[in-house]
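Since the structure comes first, as structure tokens, the remarks are kept for the end.
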Amino acid sequence: MAASAALIDALVLKQDGAAAADAAESAAAACREADDVAGEAAMLLRKSEALLAAMQDPYTAAETAISACLLFRRAGDACGDASALEAAARAHLLYDPEQAIKAAKEALAIASAAGDISALPRIERSMIAAKAQVATAQQAEQAKALSCRGQAAPAYKWPKVLQLRAPAAPDVFAMQERPRAEGGSQLALRGASTGPAGAAKIDTKPAVAFTRKPFKWNPGYHKTDEAWYRQELTYLPPTISGE
């Protein structure tokens, strides 16, 4: 199996993904005949990684990685299980990033429980790439919606703010009388009016009450709206050079 692994690595470095995948499939078939579950899982994982390195057929790469994951679980290899889940996350990255995030989270939990610290950075990188892919897809969907609906700006959700408690603002149009003059001055004037006959009397008019301004509907069109357009047009002859 070590020779098969070295051959697959050499073909991957040679950028011959199809040949590397075929070699890994042949090695996995040989391990299956020999009833070597761990070896078959390792070869299937290498086949998935070869397909991903060659950027060929991500669906087959995802299926192969999931098969390797199941075989690793049968063999009781937690580190191999985490590596297979990480390969499945990379395979799902383009066409199903949400599933890629789920696979990466599961791989991260398994690797952390198994103490495989060396696999954590690789899994975290795959998870970040999947989240970036989801964000890019959401921005593309929003741009498509805006271009189809003809909206001038994207929908913005205003933050919710608690209602502020404060005294009510005074109503300047309240229908109530103005406060009268000071009581002392009124009494002084009233006492002066009780003098002898012929003395000046106090004007006892009621205080002015401010009411609301009467409202009236105004038409939107007025006869002076197009006055500028009806002005006389003055013909200005072109100036001739030399005059």
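Evaluating 6.51 cos²θ - 1.76 cosθ + 1.60 at θ = phi - 60° for every residue in segment 82-88, the Karplus couplings come out as 5, 5, 5, 5, 5, 5, 5 Hz, glycine and proline recorded as x. Think of segment 2-149 as having a plus end and a minus end, set by charges on the Cβ of Lys, Arg, Asp and Glu; of Ser48, Gln139, Gly76, Gln139 sits farthest toward the positive end of this dipole.
Scalar couplings 3J(HN,Hα) for segment 121-129, obtained by applying the Karplus form with A = 6.51, B = -1.76, C = 1.60 to θ = phi - 60°, are x, 5, 5, 4, 5, 5, 5, 5, 5 Hz; x denotes Gly and Pro. Dividing the convex hull volume of the alpha-carbon atoms in segment 9-67 by its residue count gives 60 Å³ per residue. Basic side chains Lys and Arg get +1 at the Cβ, acidic Asp and Glu get -1 at the Cβ, and with that the dipole of segment 2-149 about its Cα centre reaches some 640 debye. Here the relative contact order of segment 2-149, from alpha carbon pairs under 8 Å that lie six or more residues apart, stands at 16 percent.
Taken together, the values in this text are just the output of simple stated rules run on the coordinates, not laboratory data. This one's a predicted model, so the numbers in the text were calculated from it and none came from an experiment. Neighbour counts run over all protein chains shown; Cβ positions are idealised from the backbone, glycine included.
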